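Participant: Right, I'll just put the structure down here and ask away after.
Just so you know, all these numbers are worked out from the coordinates, no wet-lab data involved. Fair warning: this is a prediction, and the values are worked out from it, not measured in the lab. Cβ placement follows ideal geometry from the backbone for every residue including glycine, while neighbour counts extend to all protein chains displayed.
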Amino acid sequence: MLGVVLALLSALSFGLSQILVRRNLNKSNFLYISLTVTIIGNIILWPLALTFTNLTAVNPEGTMLFLIAGLLAPGIARLFYFKGMETAGISANATIFATYPLYTSITAILLLGEVLTVENWIGLACIIAGALFVGRSLNNGDAKTKNTTKKGLIVPILGSLALAFAQILRKEGLNIYSEPLLGVAVGYATTLAFYLLVIIVSKNSETPRFSRSDLRNFWKPGVGIAAGWLLSFLALNQEMVSIVAPVLETELLFILFFAYIFLRKQEKVSPKLAASALLVVAGVILISIN
């Protein structure tokens, strides 16, 4: 029960934070937003990890899994998430990201020979249908924002793939080395190093520089997202991933609710898009039934 409560709090923290990012999205670019959020997270998480982790018994294998998982998510997945806000809008972007359990299940079927129940197959169908409806909503102009395109859905699809594989690696790391605080801190440190490398490699004279305004505009969501990641690690440490994953996907419902309240002038949450999101969440719950 504790794991479910922690996962629900994580979803709420993530949902509120994404709304804060969306409100200032046009004041920076997706790379610098990702960098700001990651810097704030490192400042918060590393003191906690060093204080409450038993560093005399570090497990190299578990730590390596945390590192690889961190490169995938938040690393790659976060970049694609914030880029997806630009190309698909916050609501459609969040809905597509919520389909990541679909890829986990397909991997389990193809590589591990797992057999799905009737409920699992219905859940797969719901997720696929929900994702298709998102594409149709954008194509029909029901949920478009200024820069959204149907092709822009490719970005969150790739991000959700990274998130799916990261979730598997993260849970395996916690099974080997049950130190969630260190796990999330290692992931954040890996992500920071990755973003700095991307900035160095892609730097040119036309790219705006990272500035204090980025910190001023995005430090609050940085705190909320760091809290969300920490709570999700604690939830995974308490419960099976098949239980935690669908609860975490209630983030999508929080995003739709808060977007309807706070972002009416910036983007439209159509009834079709809301129905698609509910279909995806129902699918995630069904696909997680053992």
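Participant: Add +1 for every Lys or Arg and -1 for every Asp or Glu among the other residues with Cβ under 12 Å from the Cβ of TYR81, and state the total.
Facilitator: Combined, the nearby Lys, Arg, Asp and Glu give +1.
Participant: Rounded to the nearest 0.05, what FRET efficiency do MET64 and VAL198 give with R0 = 22 Å and r taken as the Cβ-Cβ distance? Could you check?
Facilitator: Computed FRET efficiency for MET64 and VAL198: 0.50.
Participant: Right, another one. Using Cβ contacts closer than 10 Å as the measure, can you line up ARG212, ARG23 from fewest to most?
Facilitator: Going from sparsest to densest Cβ surroundings: ARG212, ARG23.
Participant: Could I ask something else about it? Using a 10 Å cut-off around each Cβ, can you sort LEU2, LEU256 from fewest to most neighbouring Cβ atoms?
Facilitator: Neighbour counts put them in this order, fewest first: LEU2, LEU256.
Participant: Once you treat every alpha carbon in the chain as an equal point and sum by Debye, what is log10 I(q)/I(0) at q = 0.10, 0.11, 0.13, 0.14 Å⁻¹?
Facilitator: -0.50, -0.61, -0.86, -1.00
Participant: Work out, step by step, the length gained on full extension between PHE210 and SER178: first 0.36 nm times the residue separation, then minus their alpha carbon distance; give nm to one decimal.
Facilitator: Separation in residues times 0.36 nm, less the Cα-Cα distance, equals 7.9 nm.
Participant: Excluding PHE165 itself, what net charge comes from residues whose Cβ is under 12 Å from its Cβ, given Lys and Arg +1 and Asp and Glu -1?
Facilitator: +1
Participant: Which order results if LEU158, LEU163, LEU102 are arranged by neighbouring Cβ count within 10 Å, fewest first?
Facilitator: By the 10 Å Cβ count, ascending: LEU158, LEU102, LEU163.
Participant: Using helices alone, what [θ] at 222 nm do you get for the chain, with -39,500 (n - 2.57) per DSSP H run of 4 or more residues, divided over all residues and rounded to the nearest 500?
Facilitator: Computed ellipticity for the chain at 222 nm equals -25500 deg cm²/dmol.
Participant: At 0.36 nm per residue, and after removing the present C-alpha to C-alpha distance, how many nm does the segment from LEU55 to VAL4 gain when stretched out fully?
Facilitator: 15.6 nm
Participant: Under 8 Å for C-alpha pairs, at least 6 residues apart: give me the relative contact order for segment 144-290, rounded to a whole percent.
Facilitator: 31
Participant: Going through the cross-link list LYS203/LYS265; LYS83/LYS203; LYS27/LYS272; LYS27/LYS265; LYS171/LYS272, which pairs have a Cα-Cα distance over 26 Å in this structure?
Facilitator: Exceeds cut-off: LYS203/LYS265; LYS27/LYS272; LYS171/LYS272.
Participant: Suppose the chain between ASN26 and TRP219 were pulled fully straight at 0.36 nm per residue; how much longer would it get relative to their current alpha carbon spacing?
Facilitator: So the extension gain works out to 67.9 nm.
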